[in-house]
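Working notes, structure below.
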């Protein structure tokens, strides 16, 4: 793929970055704090799997509640904040105008974080709802919708006030995610919490919502980041870019149909899991286009590229894994087991989080105007998080396989089954500890880089001039 | 590729500016319609793959959707989507009714032998296997006073089970339980039709008093 | 793509279509399910549970029991649900129509509980498991309270080693509701739609 003519003379740090610095660093920073919180909870729930009496007499942290806390902190604390911060930044940059409504972003972010914190307290004291990814109690949900709408307004304004009429793929994905999430949340709340539907329609609606969180919110946010960063750091035009819009519409129109995969064999009409299989197979088309478009990331060096590349591969593997696991013959072995937890870890951690890490490594120096504070913290985080993610996915997958075989054999009792799973579960605990320490390193590095008073003594890095020279050299 | 040999890990450089990125990609989309003037919604090879997936999806959906019926839970189901209620076997229904606590089984016992001296048997009873008219009336309205069954004398009271009684059984139920006792414990009499029960009940009108053996013997 | 309104409309349609088809569609199919009236059994099924059991379901939900336990039996031949004695038939939508918060669950780190009330009759055993736990089950001692025995000791008191004399450990209101709920779990009635599907001929194992 030939390089486009790159005469990048613009300074790498623009007025757009400087102006949005505070609010966006607030979003990214609070995301990282929640990531550490959820890491602690992940470690705790992982320990509970091989030592069931661990913290059992603490009513706030029964395994069920701790799982819900971990998931909520991870998705609504970390992914929501970081994804929105990156999406706003990308929309502003591609729109070519400074972000408007930044006060709304700050206020919304404070409300959002307060809402998530209140939601976690609510779960811990026993107000948990029983729906996956919607466990936060009813009383914080309107606050969340309001807070997200406040923050999202800025993104939609940045998009509608863009300087160029033409849109780039990142903008489609970012705007769709920011616009759809409040609707998704409102629709799910309405049918599950405010006017609950009857019987098994509840789990059907809950899986629809959980699938929507993935396909209409998190995946588009991650793809917005990838589509932006891949040409930025590789300097190449996206291969077969004219197909990108097909990939976009496939994700939006098909992606949210496959929630029924989590109800296979259950008390729902046969067409719901069948529809999920069909949707997952059609989604392969999306993954194919993503693969063709974003293969330009290969052969690019640097921290950002390493994270984006890993996340990109994990995203594709996740798609194929979901497709295979949606078939009933496969689900007979994997359903109800930790294998699904492994797939979730692959999707939410391996794909989305890694892409966000890459985005953060790329965005923060531009937002602060300074390079990251410590190279060794970066490399420590990079290797620890890589090891942690790979090992935890593998360990959960192996444990899930053993669990699936155990469940299928009626002669295997539950203590026997746990006996077979104990080694991979211990390894998973170790991996969660590694992940937690990795993310602590990132948080420390972020705080050192982002807080102005810690950086005053250091010389201004020169890398952004290097960027311009580099562009000329290529 | 434009990576320096020793990149600073603390900040990745960008190879293109945002303007270049936007412009060079917008140009690509601007190429439609293509050089030959045709507007292509989708390249041919992608269209081929996409059609293949649609075909697979459609076939799979047709085969395993259970006709989108709310009452089909097994995707292999190929029959009609509506699950018809199986016709009930009157003997099976009658057996359940017979065993309802406080009903027949209390006096006539699980083996249909009754209690000697107190309650008459149903097994080998000419009252059970004989006249349908009499049997239906006993079940509908009850029986009291002396009666001779299978050569032994009894004198007790049986409540009615028909509509208006404490049990308020429908004609279906009366027919089912009578059919049951007429073929159980070695009895070998024909079934009692629901219509027959209805006819008898209609003919007796609002009768609620229990029968006596003497009254019944006047009937065919 | 240049057209902003087109993007907005398309994006909104995407969520609208999938919501209508999956959520509203299944609601229109299943939301109006009525109990199945059986004349010969003299009742309608599923039967309503007691108030205590209904409150127990909320305890079950807020403790997060569904993180490890499912309440759905898959059809005989699919998985080992029947062989493990979890249920003779497939769970169907009608089983859940009276439940405020159906707890289908998605993970089986513990046994399925759909028919727990049919195989576990002993309140004492359940209370013991909840208090002490086991090798694979956490012990939730916070659901119990220790008090001085006033008059006779409670029939529900759990055995605790080294209990101070004159004291007993009894379940709280929440624990009793939870146990009542667990004992009420029983879906033994056969609905017509729950009858196993008998293939006319041997199906190819295509999937």
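No value in this document is a laboratory result; all are computed from the given coordinates. None of the values given here were measured: they were computed from a predicted structure. Neighbour counts are summed over all protein chains in view; Cβ atoms, including those assigned to glycine, are modelled from backbone coordinates with ideal geometry.
Taking Cα atoms only, the orientation of helix A:271-294 departs from the longest principal axis of chain A by about 30 degrees.
Which of rounded, prolate, oblate describes the protein assembly as shown, given a ≥ b ≥ c as roots of the alpha-carbon gyration tensor eigenvalues and a/c under 1.5 marking rounded, otherwise prolate only if a/b is larger than b/c? Write out the running numbers ahead of the final one.
On the way: a/c = 3.05, a/b = 2.09, b/c = 1.46.
Prolate, since a/c reaches 1.5 and a/b exceeds b/c.
Exposure proxy for A:416, C:81: other Cβ atoms within 10 Å of each Cβ, ordered fewest to most, give A:416, C:81. Partner shielding of A:334-342 amounts to 3, given as the average count of beta-carbon atoms from other chains within 10 Å of each residue beta-carbon. Compared with the dominant Cα axis of chain A, that is its longest principal axis, helix A:303-326 is turned about 30°. Secondary-structure-derived ellipticity at 222 nm for the protein assembly as shown, considering helices only, amounts to -17000 deg cm²/dmol, per-run term -39500 (n - 2.57) for DSSP H runs with n ≥ 4. Taking every residue in A:280-286 and counting other chain Cβ atoms within 10 Å of its Cβ, the average works out to 3.
The ranking of A:165, B:18 by Cβ neighbour count inside 10 Å, starting from the fewest, reads A:165, B:18.
Decide, for the range B:90-217, between rounded, prolate and oblate: order the square roots of the alpha carbon gyration tensor eigenvalues as a ≥ b ≥ c, take rounded if a/c falls under 1.5, and otherwise choose prolate if a/b is larger than b/c, else oblate.
Numbers: a/c = 1.38, a/b = 1.12, b/c = 1.24.
Since a/c stays below 1.5, the shape of the range B:90-217 is classed as rounded.
For chain C, the longest principal axis of the C-alpha atoms and the axis of helix C:123-132 are separated by about 90°. Considering only C-alpha atoms, what is the centroid distance from the range C:1-65 to the range A:200-257, in Å? One Cα centre to the other: 26 Å. Relative to its Kirkwood radius, the Cα radius of gyration of the range A:228-331 gives an Rg/Rh of 1.08. Computed from the C-beta positions of residue B:170 and residue C:98, the FRET efficiency with R₀ = 22 Å rounds to 0.25. Taking all Cα pairs closer than 8 Å and separated by 6 or more residues, the relative contact order of chain A comes to 18 percent.
A crude spin-label estimate for the pair residue A:291 and residue A:411, with each label 7 Å from Cα along the Cβ direction, gives 4.1 nm.
Average partner chain C-beta neighbours within 10 Å, per residue of C:186-193? Present the calculation step by step, with values, prior to reporting the outcome.
Working: counts 0, 1, 0, 0, 0, 3, 6, 9.
What the average comes to for C:186-193 is 2.
Kindly provide the Kirkwood hydrodynamic radius of the range C:1-60 in Å, to one decimal, from all pairs of distinct alpha carbon atoms. Averaging 1/r across every pair of different Cα atoms and inverting gives 15.9 Å.
With the convex hull drawn around the C-alpha atoms of chain A, the volume per residue stands at 141 Å³. Label-to-label distance, residue B:156 versus residue C:154, with points set 7 angstrom from Cα along the beta-carbon direction: 4.6 nm.
Applying 1/(1 + (r/R0)^6) with R0 = 41 Å to the Cβ-Cβ distance of residue A:194 and residue C:188 gives a FRET efficiency near 0.75.
Taken as Cα centroids, the range A:302-318 and the range A:383-400 sit 15 Å apart, rounded to the nearest whole angstrom. Its residue count N sets the reference 2.2 N^0.38 Å, and the alpha-carbon radius of gyration of chain C equals 1.35 times that reference. Potential lengthening of the chain between residue B:28 and residue B:133 amounts to 28.5 nm, from the contour at 0.36 nm per residue minus the alpha-carbon distance.
Which shape class applies to the range C:12-98: rounded if a/c is under 1.5, otherwise prolate when a/b exceeds b/c and oblate if not, where a ≥ b ≥ c are the square roots of the Cα gyration tensor eigenvalues?
Numbers: a/c = 1.42, a/b = 1.30, b/c = 1.10.
Note, shape of the range C:12-98 comes out rounded.
Using R0 = 25 Å, the C-beta based FRET efficiency linking residue A:53 and residue A:107 works out to 0.05. The order of A:63, C:98, going from fewest to most other C-beta atoms within 10 Å of their C-beta, is C:98, A:63.
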